[in-house]
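Below is one structure, written out as structure tokens; the observations come after it.
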Amino acid sequence: MEEILQAIKRSAIRIKQAIQNEDTGYTDNVNQTGDIQLKLDVQSDLIIEEELTKVSSIKELVSEEKEEIKKLNNNGKYLVGYDPLDGSSLIDVNLSVGSIFGIYENGYNGSDLSVSVYVVYGPRVELVIASKASDEVGMYRLLNNEFEFIKNIRLNEKGKLNAPGSTQSCWSTYHKQMIDELFQDGYRLRYSGGMVPDLHQILLKGGGLFSYPGTIDRPEGKLRKVFEVFPFALIYEKAGGASIDGINRVLDSTTTHIHGTMPCFFGSNYEIEYVKKTYTKNAK
Ligand code: P6P
């Protein structure tokens, strides 16, 4: 596992340099999710693949930017799913973006997730790691080209931030009422459209709620289970919070398609209980 974490750190340093120096233009390609790929999407994916390919304990890789699974070592123990540059369309307006990694064993269900890592490329480059085997969520910062440990992250039981994603005109009536009630309760709107910085902010500011629900236009939501939702669910649970699909625990969800999506809520316990109560009451 340590070899994988070192490869992720090398990738992050290279991606940071690419973001700062390379072309932010679009390619002519569309990825699995229907997003037009930025040259930086492709380059970040290549960097990660190159670095992870050096690690003999990895059995296979699957990228949000590629349809197929890439087999590496038959005797490898780990399966790595990753989103190389999440929110990349924000780069050309100079907002923060991130890379997300889920390190799985035996399969890609929520219960198979062993370690989560994300990197946020902002004014500073920071990396957060959570493991199924530990209750600590470690935050590291890139200083003099090395990731140095800064602190362990803990969520408060109740927070102050509200990050409501997806198309508001397609929300259910009860979801809209729930979000509005949080704002009436004094929560602050914090939403950039970048999952990694938005979730990083809630973690570091003590808590709140990030939501990307199922909607009329996208009943299964938009965020990808293997590359985005499961990794952040482990991090939020280990930081003392929770993650559900509205009713059920995200990490109890199974994966039928590697690029599958699911509605998701991440937050402090108070807010997640509030979501669960609202959705349970309104379940059909
Ligand atoms: P919306 C970025 O494209 C992304 O995949 C996540 O990083 C982000 O949370 C979400 O989409 C934003 O989606 O529909 O709120 O603009």
> If you take the residues of region 124-152 that are assigned to a loop (DSSP other than H, G, I, E, B) and in contact (Cβ under 8 Å) with a residue 24 or more places away in the chain, which of them is surrounded by the fewest Cβ atoms within 10 Å (Cβ to Cβ)?
Replying inline: Asn145
> Can you tell me which residues in region 81-98 are more than 11 Å from the ligand (Cβ to nearest atom) and closer than 21 Å to Ile58 by Cβ?
Replying inline: Gly81, Tyr82, Pro84
>> If I go through region 196-209 residue by residue, how many of them are in contact (Cβ under 8 Å) with a residue 40 or more places away in the chain and either out of contact with any helix residue (DSSP H, G or I) (no Cβ under 9 Å at 6 or more places or on another chain) or open to solvent by 10 Å² or more (accessible area, probe 1.4 Å) (or both)?
In response: 6
> When you go through (1) part of a strand (DSSP E or B); (2) charged (D, E, K, R); (3) closer than 18 Å to Val117 by Cβ one by one for Asp28, which number turns out not to apply?
Replying inline: (3)
> Do the conditions hold for Ser99, that is, is it over 23 Å from Ser253 (Cα atoms), touching a residue at least 40 places away in the same chain (Cβ under 8 Å) and of a type in the set (S, T, N, Q)?
Replying inline: no
>> Of all residues being within 19 Å of the chain's Cα centre (by Cα) and open to solvent by less than 30 Å² (accessible area, probe 1.4 Å) in region 14-37, which is modelled with the lowest pLDDT? Just the residue, please.
In response: Gln37
>> With the requirement that a residue be out of contact with any Ser or Thr (no Cβ under 8 Å at 6 or more places or on another chain), open to solvent by less than 50 Å² (accessible area, probe 1.4 Å), without any contact (Cβ under 8 Å) to a residue 60 or more places away in the chain and at negative phi, what does region 169-187 give you?
In response: Tyr187
> Does region 210-219 include one or more residues that are buried (at least 21 other Cβ atoms within 10 Å of the Cβ), under 17 Å from Lys176 (Cβ atoms), at pLDDT 95 or above and touching a Lys or Arg at 6+ places or on another chain (Cβ under 7 Å)?
Replying inline: yes
> For Lys132, all conditions in the list (1) away from the ligand (no atom under 16 Å from the Cβ); (2) assigned by TED's automatic domain parsing to the domain that holds Thr256 hold save one; what is the number of the exception?
Replying inline: (2)
> Within region 153-256, which helices (runs of 4 or more DSSP H) (wholly inside it) include 2 or more residues that are in contact with a Phe, Trp or Tyr (Cβ under 8 Å, 6 or more places away or on another chain) and within 12 Å of the ligand (Cβ to nearest atom)?
Replying inline: 195-204
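The values are calculated or read from the model by the stated rules, or taken from the named source; none is laboratory data. In this text, all values refer to a predicted model and were calculated from it rather than measured experimentally. A quick note on method: Cβ atoms are made from the backbone with ideal geometry, for glycine too, and the neighbour counts reach across all protein chains shown. Note: accessible area is taken over every heavy atom of the protein model, side chains too, but ligands, DNA and RNA are not part of it. Shrake-Rupley method; radii C 1.70, N 1.55, O 1.52, S 1.80 Å.
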